[in-house]
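What follows draws every value from the coordinates through simple rules; no lab data is involved. All of these numbers come straight from a predicted model, not from anything done at the bench. Please note: Cβ atoms are built from the backbone with ideal geometry, for glycine as well, and neighbour counts cover all protein chains shown.
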Amino acid sequence: MSAKQAGNAPLDLVVLSGWGSDPSIFDGFLSRWSSSFRITKIDYQSVPLPSGNESIKDLKLHLIDALLEQVPQKAILLGWSLGGLVASWIADRLQAKALITLGWNPCFVQKVGWHPAMPQDVFQVFSSDFKANVRQMQMRFIALQSQGSVQASKERKALLANRKDYLDAQALEQSLQYLGLLASDARSELVQLNCPSLLLYSEHDALVPLEIMSEVSPLNLQSTVGLIEGSAHLPFISEPEQVNRYLYDFLRQQNLVAEEDV
């Protein structure tokens, strides 16, 4: 697993990116926090998952074990999309100071009683189509993530520059395994979460519908839920000022940043 660390501040900020994207997609955004935290970017998607007939639960536990060896204890976890899901799995295990997510649905695929999510059949078709035509589906996924944003071209440019390359069948298969993790259900992790959390959603996100905001709020009373206006699935790219304001206010409330860090 690749982990890049920068800074020497006493408090750790650990960043986990979304499916199919390299963690360097956060570089521009993180420059704002480089003096406040020791920043660790975790390329968790480079962790080889067991091949075969392992269940989603088995793959999840394998990844968790690998992350527990690399991620600092008592850090602030910042996860985008799939990275938010992964961060929710390890937050309590690592005694995280806080969990911050961007565009994270704790149950990305629809289930009985949970409708603000992608229909199961649409998710399955996307997975099979991606395997059959990688480049075409990559471009479609990039377009979908930036769809509706007032800064759509900026979001697309960032996604194109930081997308994962699938140089062989093994790399593609591993990426599809990570895609499959999105079918897991992390609502129980959110319910049981012991640290304070900030869950940010975007006004025009085509992947995570806005109605999720009213669904996640009752799951954990320690959670703060916020809306980023004008953005699609990459608010830290298109609307970094809004995201930073939410982060600062939240972290200040938790006494995790000083007033001069504004």
- request: List, in order, the whole-Hz ³J(HN,Hα) value for each residue of the stretch 195-203 obtained from phi through the Karplus relation with A = 6.51, B = -1.76, C = 1.60 and θ = phi - 60°; use x for Gly and Pro.
  value: 8, x, 9, 10, 10, 9, 10, 10, 4
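Okay, helix-only estimate at 222 nm for the chain: each DSSP H run of n ≥ 4 adds -39500 (n - 2.57), divide by all residues, round to 500 deg cm²/dmol; what do you get?
-11500 deg cm²/dmol
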field: Evaluated over the stretch 41-108, the Cα radius of gyration and Dmax, each in Å
entry: 11.9, 36
- prompt: If you rank HIS115, HIS62, HIS204, HIS233 by fewest surrounding Cβ atoms within 10 Å, what's the result?
  reply: HIS115, HIS62, HIS204, HIS233
task: Could you please report the charge total around LYS97, scoring K, R as +1 and D, E as -1 over all other residues with beta-carbon less than 11 angstrom from its beta-carbon?
output: 0
field: Reachable lysines, given that their alpha-carbon falls under 24 Å from the alpha-carbon of LYS157 and they are not under 8 places away in the same chain
entry: LYS4, LYS41, LYS131
query: So for the pair ARG93, ASP65, with labels modelled 7 Å out along Cα→Cβ, what separation do we get in nm?
result: 1.0
query: Which of the peptides 48-57, 238-247 is most tightly packed, and how do the rest follow, judged by the mean count of other Cβ atoms within 10 Å per residue?
result: 238-247, 48-57
- prompt: the stretch 1-71: Rg/Rh from Cα coordinates, Kirkwood Rh?
  reply: 1.05
message: Just to be sure I understand the model, the point goes 7 Å from the Cα along the line to the Cβ. What's the resulting LYS131 to SER55 distance in nm?
response: 2.1
- request: Place the peptides 192-200, 155-163 in order of packing, highest mean first, counting for every residue the other Cβ atoms within 10 Å and averaging per peptide.
  value: 192-200, 155-163
field: Antiparallel bridge percentage (DSSP; both residues within the chain; nearest 5)
entry: 20
query: Got the relative contact order for the chain handy, in percent, Cα pairs under 8 Å and 6 or more residues apart?
result: 20
query: Please report, for the Cα atoms of the chain, the Rg to one decimal and the Dmax as a whole number; what are they, in angstrom?
result: 17.1, 52
- request: List the residues of the stretch 88-123 whose backbone N lies under 15 Å from a point placed 7 Å from the Cα of ALA143 along the Cα-to-Cβ direction.
  value: none
